[in-house]
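The values are calculated or read from the model by the stated rules, or taken from the named source; none is laboratory data. Note that the structure is predicted; figures quoted are calculated from it, not measured. Don't worry about glycine lacking a Cβ; one is built from the backbone with ideal geometry, like all the others, and counts go over all protein chains shown. Just the protein is used for accessible areas: all its heavy atoms, side chains included, with ligands, DNA and RNA removed. Shrake-Rupley method; radii C 1.70, N 1.55, O 1.52, S 1.80 Å.
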Amino acid sequence: MNMDAEQRISFEDTQVAFCYKDNTALRKANFIFSLVSHPWISAVATGSVKLALKLHLPVESIIKSTVFDHFCAGESLEKCDDEIEQLGKFGVGTILDYSVEGENSESSFDATMEEILRTIEKASRFKSIPFSVFKMTGLASSELLEKINAKQSLTDEEEKAFGRVRNRVDRICAMAHAHKVRVLIDAEETWIQDPIEALANEMMLRYNLEKAIVFNTYQLYRTASLKNLRDAHHTATMHQHYLGAKLVRGAYMEKERERAEEMNYTSPIHPTKDATDEAFNQALAFCMDNKQRISVMCGSHNEYSNHYLTVLMEKHSLKNTDERIWFAQLYGMSDNISFNLAQAGYKVAKYVPYGPVRSVMPYLLRRASENTSVAGQSSRELVMIKKELARRKSEKV
Ligand SMILES: Cc1cc2nc3c(=O)[nH]c(=O)nc-3n(C[C@H](O)[C@H](O)[C@H](O)COP(=O)(O)OP(=O)(O)OC[C@H]3O[C@@H](n4cnc5c(N)ncnc54)[C@H](O)[C@@H]3O)c2cc1C
């Protein structure tokens with residue numbers, strides 16, 4: 001896909017990119033990205049951390065002062081205020097992401113719902129928290145979602161459990177609607193995604209009548225996603241509600257492919273990275289062509305896609321500040337994209353994870369592995385960090 005407009009924005013300005021990090025934080029980032037960029041050091045480090053946690057060795061304070069501090073804002077909602085304020089100072093919004101994973105009981109689902117409600121309440125008080133977010137597997141058992149996805153019949157108990165899931169989701173979306181805080185529903189594995197999408201569509205029908213409050217997530221590495229997006233737009237048009245669409249490429253590619261091979265069905269993932277990229281950029285263009293009905297979030301660290309969206313906005317004569325168009329990256333990653341976009345006036349937010357150190361470990365381990373395995377990703381981060389460290393040093397001389 002060719003970009004048919006002049007380069008509108010540069011992501012190269014490291015002074016802007018790291019404006020919110022002091023020298024200590026930047027040196028820490030340098031250390032972390034240098035470490036994880038070496039596959040074998042990364043493997044040894046993550047293996048040792050997993051073992052140490054299993055053996056209940058006291059490694060939490062080391063993790064807390066290194067990777068946790070870089071990728072997370074705090075151990076509780078109250079402890080995130082400094083980060084929210086710091087990002088907000090530079091025009092970058094915060095999306096508080098309660099990143100506790102692996103809990104699987106009715107009481108933990110209720111507790112997670114209560115926590116999400118607290119993030120919405122907090123968002124209603126902070127101008128720089130434009131969205132809230134949740135994962136359905138924080139509110140429902142994966143086994144139940146998988147059974148529904150596979151269209152298996154449910155026992156009475158399971159029917160009741162799903163009723164409780166629907167109530168939790170409804171309470172979150174109702175509160176988001178009442179406080180005018182947008183809410184993102186993350187996308188997960190294909191074998192549980194149908195009921196997630198169905199609930200997201202149900203909530204959009206109920207709460208998106210005045211504007212997009214509820215956002216579903218479309219994973220464009222899935223061959224089915226462009227059609228799903230078009231169908232959702234068609235439904236929104238028929239029922240006269242707004243469509244909230246968070247576009248991502250998708251985080252579970254290896255797992256998806258392995259399962260498809262193991263269980264002998266056609267992989268639901270595009271065969272190549274180029275095909276995923278093409279679908280992602282087409283989805284951006286589709287959302288922009290239908291901007292009267294769709295609000296879009298580009299959830300990506302891909303420079304081309306972020307830049308392409310700015311080009312599309314210009315083509316559609318939209319202001320950089322248009323409330324319907326959002327850019328989002330993860331906290332601790334791709335600051336060059338987030339902060340340069342924000343400086344140019346675009347609507348930008350960071351997913352900012354928080355939660356007890358031990359409970360957010362699966363999230364942190366994913367970040368470590370992602371920055372090791374995605375070709376070019378960590379070296380690009382590292383080059384930027386080193387460039388900024390050198391720039392600051394030369395400024396002092
Ligand atoms: C704000 C935000 C929210 C997110 N929310 C979600 C979510 O709800 N659900 C979710 O699943 N993910 C989510 N992600 C993660 C996202 O899906 C990607 O894994 C991640 O952002 C990397 O993709 P990228 O667009 O940044 O860029 P890139 O680094 O350019 O793309 C990497 C991605 O391309 C795809 N890809 C790579 N190689 C191939 C190949 N050989 N064939 C086909 N496709 C390939 C994969 O999806 C891979 O993750 C989110 C990311 C962000 C920034």
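As a summary of the residue check, Met333 satisfies the conditions (1) away from the ligand (no atom under 11 Å from the Cβ); (2) touching an Asp or Glu at 6+ places or on another chain (Cβ under 9 Å) except for the one numbered (1). The number of residues in region 278-306 that are more than 25 Å from Thr235 (Cβ to Cβ), more than 7 Å from the ligand (Cβ to nearest atom) and either open to solvent by 10 Å² or more (accessible area, probe 1.4 Å) or free of Cβ contacts under 8 Å to residues at least 60 places away in the same chain (or both) comes to 2. The set of residues from region 242-264 being small (Gly, Ala, Ser) and either more than 9 Å from the ligand (Cβ to nearest atom) or crowded, with 21+ Cβ neighbours inside 10 Å (or both) comprises Gly244, Ala245, Gly250, Ala260. Inside region 148-164, can you point out the residues that are open to solvent by less than 70 Å² (accessible area, probe 1.4 Å), within 25 Å of Ile116 (Cα to Cα) and free of Cβ contacts under 8 Å to residues at least 12 places away in the same chain? Once the filter is applied, which keeps residues that are open to solvent by less than 70 Å² (accessible area, probe 1.4 Å), within 25 Å of Ile116 (Cα to Cα) and free of Cβ contacts under 8 Å to residues at least 12 places away in the same chain, region 148-164 yields only Gly163.
Return the total of residues in region 227-277 being assigned to a helix (DSSP H, G or I), of a type in the set (A, V, I, L, M) and farther than 21 Å from Trp191 by Cβ. Within region 227-277, residues that are assigned to a helix (DSSP H, G or I), of a type in the set (A, V, I, L, M) and farther than 21 Å from Trp191 by Cβ number 3. Of all the criteria given as (1) polar (S, T, N, Q); (2) closer than 30 Å to Phe18 by Cα; (3) within 13 Å of the ligand (Cβ to nearest atom); (4) buried (at least 21 other Cβ atoms within 10 Å of the Cβ), the one not satisfied by Ser225 is (2). Starting from residues that are modelled with pLDDT under 90 and within 15 Å of the ligand (Cβ to nearest atom), keep the ones in region 338-363 and report whichever is nearest to Asp322 (Cα to Cα). By that ranking, first place goes to Tyr363. Residue selection: Ser124 satisfies the criterion of being under 30 Å from Ala342 (Cα atoms), hydroxyl-bearing (Ser, Thr, Tyr) and not in a loop (DSSP other than H, G, I, E, B).
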